Amino acid sequence: MHPTTENRAATAREHAGESRAHRHRRLLRLLGWAALAHVVAILLLSPGLYLSDENSPEALYRRGEQAMRDENYAQAMDFFAGVMNRQPKPPPIYTRAAEQHRLADRLARQAGDQAKQRSEQAAVPAPQSGATSRESTPSALTPATAPQPPGGVAPPARPKPFIPDELRR
């Protein structure tokens, strides 16, 4: 083989090696730029990752807790309602618990209204007719004639404890 042919072959091998190394460097550089572009896109599109939002659920919860400590319960309820509005849909167990709380609140209001009506009736003087005082007092009413809550359904004598079906065995 002629020396120039050998030089050409060696040069060709060196160029092949260089081009492989060059391609490898280009590939790494391209991957670096792609990774940098992804990081920049994530940071631009997700400011909640690095900026604290005063209306984030965590911040609202902290503010609600502070309002509870300050005994400002109405404002605390507003903060907690804001937390629930920003959270995903709660599991069914929380929905059922909320229904139980609403029912208990409604029954408590009805009982309060009934007690208020009874106290107003007791404040009205009894008629002085031939009826005895025992017959005219509200406490003399029999259970059959006692006023029923709206809807005609009396609250249960002993409320059942709230245990969701999911937790019963």
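The values are calculated or read from the model by the stated rules, or taken from the named source; none is laboratory data. Keep in mind that this is a model prediction, so the values were computed, not measured. Glycine also receives a Cβ, built like all others from the backbone with ideal geometry; neighbour counts cover every protein chain displayed.
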Practice problem: Check residue 32 against each of (1) at pLDDT 90 or above; (2) loosely packed, with under 10 Cβ neighbours inside 10 Å and name the one condition it does not meet. | Solution: (2)
Quiz item: Do any residues in segment 70-88 that are touching a residue at least 12 places away in the same chain (Cβ under 8 Å) and outside any helix (DSSP H, G or I) have Cβ atoms under 8 Å from those of residues that are of a type outside the set (Gly, Ala, Ser) and surrounded by 13 or more Cβ atoms within 10 Å (Cβ to Cβ), where the two are at least six apart or on different chains, and which pairs are they?
Solution: 87/57
Quiz prompt | Candidates 97, 157 - the one that is among the aliphatic types (A, V, I, L, M), modelled with pLDDT of 60 or more and part of a helix (DSSP H, G or I) | solution = 97
Quiz item: Is it fair to say residue 66 is out of contact with any helix residue (DSSP H, G or I) (no Cβ under 6 Å at 6 or more places or on another chain) and modelled with pLDDT of 85 or more?
Solution: yes
Quiz item: Would a scan of segment 37-51 turn up a residue that is in a helix (DSSP H, G or I), modelled with pLDDT under 90 and touching an Asp or Glu at 6+ places or on another chain (Cβ under 9 Å)?
Solution: yes
